[in-house]
1. Please compute the modelled spin-label separation between residue 281 and residue 32, points set 7 Å along Cα→Cβ, answer in nm with one decimal.
2. Radius of gyration and Dmax for the range 36-134's Cα atoms, expressed in Å?
3. Evaluate the charge dipole of the range 234-305 about its Cα centre and quote only its size in Debye, nearest 20, assuming +1 on the Cβ of each Lys and Arg and -1 on the Cβ of each Asp and Glu.
4. Given the options 76, 231, 57, identify the residue whose Cα lies farthest towards the positive end of the charge dipole of the chain (+1 on Cβ of Lys, Arg; -1 on Cβ of Asp, Glu).
5. List the residues whose amide H sits under 5 Å from the amide H of residue 183, counting only those 5 or more places along or on another chain, with H placed 1.01 Å from N in the peptide plane.
6. If you count the DSSP beta bridges with both ends in the chain, what percent of them are antiparallel, to the nearest 5?
7. Can you tell which of 213, 147, 297 lies farthest toward the positive end of the dipole of the chain, using +1 and -1 charges on the Cβ of basic and acidic side chains (Lys, Arg; Asp, Glu)?
8. Taking the Cα centre of the chain as origin, sum charge times position over the Cβ atoms of Lys and Arg (+1) and Asp and Glu (-1), and report the length of that vector in debye to the nearest 20.
Amino acid sequence: MRDALSQSLVTLAQKNPKVVVLTGDHGYALFDEYRSRFPRQYINAGIAEQNMVGMAAGLARAGYFPIVYGLSAFIPIRVLEQIKLDVCHDNLPVIFLGDGAGFVYSTLGTSHQSTEDIAATRAIPHLAIYSPADRHEMSAVMRLASNTKLPSYVRIGKGDLGDVHIDTLLKINLGELCLLRKGSPKITFIATGSMVKTALDLAEYFEHASVWSAPVIKPFDESKLLKCVASSEFVVSFEEHSVYGGLGGMLAEILSAQQAVRLLRIGVKDRFSHGCGSYAYLLKEHGLDHDGIRDQINTFLSPLI
């Protein structure tokens, strides 16, 4: 997925000499090809993320197309005020790339783990939010973000989990879900980012489950969601993010107002990580490994079926 991001940046810069990539002293290998080909369209702003967003806002006002990169614990969390006031207030075309979302930087502790970024950004007006699951979705959302010219946040989770789409996605529309597995409509899985692969794996265990990917979190087409779950008795959301304010929270808001369906939100509960270890270790600690999620779904379904 990181290779797809790197190639997307190169492609954008080839097409548009006004593209400028800014980084907060991160991502050197990611930008190797980009820097070698477009050195005048690359700025290392150093460990000064708030200033970097201000620079991006100024560049956007001057007619450039800034793309701001950092770890998701810093972009967007550390610079939330600057994203809100410097960029989104005036609806400037800036793309924010938040890498390592969720528990990717597991060994670096809570300071580098980002499980609240969707919740923190969803309430900011004008800001589009993307959460790709594989290289195909990454390429598609980068095209979408660059074409719409909206302030955008691209959430980048674990990137080496394999493809969830068989073929290249030529287009993703704002707010639409992508059908990955058509099963019985009785139970529907809706997942985003790194958890899409997990949802597909567990659909083999819950053999009636349909699986949808949500690469676009905001704006979101409520009418399309209601069509996807129209015949469902149970919906399960999957995300490597807090259960508050993310994909599951958004689905709860929509479904509670529009449709009577039982919803189970799989995600990070209201707590920080207790331990420090590998990515797999933290998924298990938070009940987001396959066994932990399967147990949660079984407990949810058992009194209802």
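The values are calculated or read from the model by the stated rules, or taken from the named source; none is laboratory data. Just so we're clear, the structure is a prediction, and the values are computed from it rather than from any experiment. With ideal geometry, Cβ positions are generated from the backbone for all residues, glycine too; neighbour counts draw on all protein chains shown. These accessible areas exclude ligands, DNA and RNA; they are computed on the full protein's heavy atoms, side chains included. Shrake-Rupley method; radii C 1.70, N 1.55, O 1.52, S 1.80 Å.
1. A separation of 2.9 nm, rounded to one decimal place.
2. Rg, Dmax (Cα atoms, Å): 13.6, 40.
3. Values: 6 positive and 8 negative charges, 29 e Å.
About 140 debye.
4. The one lying farthest along the dipole's positive direction is 57.
5. For residue 183, the qualifying residues are 210, 211.
6. On the way: 6 of 43 bridges.
Taking every DSSP beta bridge within the chain, about 15 percent pair in antiparallel fashion.
7. Final value for the positive-end residue is 147.
8. Values: 29 positive and 31 negative charges, 152 e Å.
Using only the charged Cβ atoms, the result is roughly 720 debye.
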